[in-house]
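Below: one structure, written as structure tokens.
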Amino acid sequence: MYPAARRIALPESLPVSKFEYITVLTSLVVAVGVSQLISGWGRLYLNRSEARPYALQAAVSVLLLVALLQSTWGYWGFRDASWDFFRFMLALAPLLPIVGASYLILPRGEGPTGSSRSPRDHYFAVHRVVFLLLAAWIALGTIAELALVEPELHLGQGVRLVATILLLALAFTRRPSLHWAGMALLAILQLLFVLFVTPVLD
């Protein structure tokens with residue numbers, strides 16, 4: 001027969017802080033954007049014999065991945081905020097446009113006419129919306145920071161301003177050379193932000 005059931009003593013669960021609860025919810029949103037990028041790269045690879053991947057599109061998608069991960073890491077700066085539903089929505093808002101951009105940047109497979117669209121054509125069909133969404137990500141992130149932590153001037157504010165202007169400019173040009181130059185500048189700005197503004201876990 002079955003052995004007698006034994007009672008197993010389980011450790012008492014520790015209460016979840018408000019900040020931990022918020023980061024779980026925001027991390028789920030970020031995970032959606034990351035999964036969109038990874039699945040998009042998979043489609044590009046599988047369809048590489050039919051449509052050659054477009055390097056500029058791939059570069060923007062990598063920049064989006066870094067931005068998503070940096071956003072998650074940056075939420076550590078909100079650990080001491082006083083949370084309510086309104087502040088939660090402020091914290092969540094910057095993630096929505098960047099997740100939307102992650103969904104749009106890589107081809108879904110079939111174009112609107114039923115024929116496959118090349119990665120290059122897809123990029124220039126969606127680049128305006130993608131860069132406007134990224135500009136909205138920066139603007140909403142600034143608003144969230146001002147509302148959730150004590151306002152202060154720092155290098156990141158200047159980086160955000162320059163990046164927003166650059167994104168708006170890229171949204172309204174179709175010249176690949178300007179897009180490459182813009183991507184290089186955005187990568188430098190993102191590195192500066194990570195090195196000098198993004199909080200260190202302590």
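Below is a table of values for the structure above.
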{"read-out": "Cα extents of segment 85-168 along the three principal axes, largest first (Å)", "value": "52, 30, 11"}
{"read-out": "Acute angle (nearest 10 degrees) that the helix 55-74 long axis makes with the longest principal axis of the chain, alpha-carbon atoms", "value": "30 degrees"}
{"read-out": "Sequence ranges 56-63, 79-86, 34-41, 19-26, ranked by mean other-Cβ count within 10 angstrom, highest first", "value": "56-63, 34-41, 19-26, 79-86"}
{"read-out": "Within segment 126-185, chymotrypsin sites (Phe, Trp or Tyr not before Pro) in DSSP loop having at most 11 other beta-carbon neighbours inside 10 Å", "value": "PHE172"}
{"read-out": "Between 0 and 90°, nearest 10: helix 95-105 axis offset from the chain longest Cα axis", "value": "40 degrees"}
{"read-out": "CD proxy at 222 nm, helix term only [per DSSP H run n ≥ 4: -39500 (n - 2.57); per residue of the chain; nearest 500]", "value": "-23000 deg cm²/dmol"}
{"read-out": "For the chain: relative contact order, % (alpha-carbon pairs under 8 angstrom, 6 or more apart)", "value": "25 percent"}
{"read-out": "Dipole of the chain, positive direction: furthest Cα of LEU140, GLY77, LEU201, with charges on the beta-carbon", "value": "LEU140"}
{"read-out": "Heavy-atom accessible area per residue - segment 57-202, 1.4 Å, Å²", "value": "52 Å²"}
{"read-out": "³J(HN,Hα) computed for each position of segment 179-184 - Karplus, 6.51 cos²θ - 1.76 cosθ + 1.60, integer Hz, glycine/proline x", "value": "5, 5, 4, x, 4, 4"}
{"read-out": "Carbon and sulfur %, accessible surface of the chain computed with the full protein complex present, 1.4 Å", "value": "68 percent"}
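The values are calculated or read from the model by the stated rules, or taken from the named source; none is laboratory data. The model shown is predicted, which means the values in this text are computed figures rather than measured ones. Here the Cβ is made from the backbone with ideal geometry for all residues, glycine too, and neighbour counts use every protein chain on show. Just so you know, the surface numbers come from the protein's heavy atoms only, side chains and all, with ligands and any DNA or RNA stripped out. Shrake-Rupley method; radii C 1.70, N 1.55, O 1.52, S 1.80 Å.
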